[in-house]
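To start, the structure itself, in structure tokens.
The values are calculated or read from the model by the stated rules, or taken from the named source; none is laboratory data. A quick note: this is a predicted structure, and the numbers were derived from the prediction, not measured. For neighbour counting, all protein chains shown are included, and Cβ atoms are generated from backbone atoms with ideal geometry for every residue, glycine included. In case anyone asks, the SASA skips ligands and DNA or RNA and just uses the protein heavy atoms, side chains included. Shrake-Rupley method; radii C 1.70, N 1.55, O 1.52, S 1.80 Å.
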Amino acid sequence: AGGAEALMAHARDAFDRGDHRWVAEVVGHLVFADPANTEARQLQADAFEQLGFATQSATYRNAYLTGAQELRNGSPKQFATPRRGLVRALPLDQLFDTWGVRLKAEEVGGIRRTINLTCTDDGQQWVVELSNRALSYRAGRRAAAADADLTASRETLSGIGAGDMSVADAIAGGQLTCSGDAGALSDIVDHLDVFMGGFGIIEP
């Protein structure tokens, strides 16, 4: 590209000719090489803004304008995505599905746990199993040789899975009753990933 100054001169000329897509592409390489280059960031933001104004698709427009905002104001602050509010609306089987998605498989190798669970909301019984680095569940069943027999409300299970309370705190507060090894549930919920929001879409 002949260096940063030559690249910027070429990009400014392309911008003046209305070739905003090429400007965003070529200046992006400079932003990746030197994120502190304010001039490059501003020019790429201007190009994204023009692309956003020109597109008819709301999805593309939002992406372009979000990119321009990030270049001008910095990457958004990361935050833990809301977990409790989302899962409150899910039936219990889908709550277990979210646990399975969030399970850090690399951390649970060799761990096998079986839990009999009774939900106090409707009295339904479940078998929840952790084995082979995966979580599975079955409704209306009880395992003959479970590590623990647990009884809790749907809200309590949501709170434990969201990290709002520990298994020990739930037992101490009377929200969870346990016969057997309460660590069986901890071996699951203590290895659930926390998904982050506020990620950057432009900068490296």
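3J(HN,Hα) along segment 109-115, derived from phi through the Karplus expression 6.51 cos²θ - 1.76 cosθ + 1.60 where θ = phi - 60°, amounts to x, x, 8, 10, 9, 10, 10 Hz, with x in place of Gly and Pro.
Longest exposed-loop-site-free stretch of the chain, with chymotrypsin sites (Phe, Trp or Tyr not before Pro), DSSP loop and at most 13 other Cβ within 10 Å? Display every interim value, and only then the final one.
Details: sites that count: Phe195, Phe199.
Longest stretch, sites excluded: 1-194.
Our coupling estimate for segment 182-199, obtained by passing each phi through the Karplus curve with A = 6.51, B = -1.76, C = 1.60 and θ = phi - 60°, is 5, x, 4, 6, 4, 5, 8, 6, 6, 10, 9, 6, 10, 7, 9, x, x, 7 Hz, Gly and Pro reported as x.
Loop-resident trypsin sites (Lys or Arg not before Pro) (DSSP state other than H, G, I, E or B) in segment 46-138 with no more than 15 further Cβ atoms inside 10 Å of their Cβ: Lys77, Arg88, Lys104, Arg112, Arg133. At a probe radius of 1.4 angstrom, the accessible area of segment 98-180 per residue rounds to 49 square angstrom.
How much of the accessible area of the chain, probe 1.4 Å, is carbon plus sulfur, in whole percent? That share works out to 50 percent. Count Lys and Arg as plus one, Asp and Glu as minus one, and take only other residues whose Cβ is under 15 Å from that of Gly180; the net charge is then -2.
For the chain, the residue among Gly183, Leu51, Val31 whose Cα projects farthest onto the positive side of the dipole built from Cβ charges is Gly183.
Evaluated with a Cβ-only charge set (Lys, Arg +1; Asp, Glu -1), the chain carries a dipole of roughly 440 debye about its Cα centre, given to the nearest 20.
Could you please report the charge total around Pro76, scoring K, R as +1 and D, E as -1 over all other residues with beta-carbon less than 11 angstrom from its beta-carbon? Could the numbers behind the result be given before it?
Details: positive: Lys77; negative: Glu70, Glu203.
Once all neighbours under 11 Å are counted, the net charge is -1.
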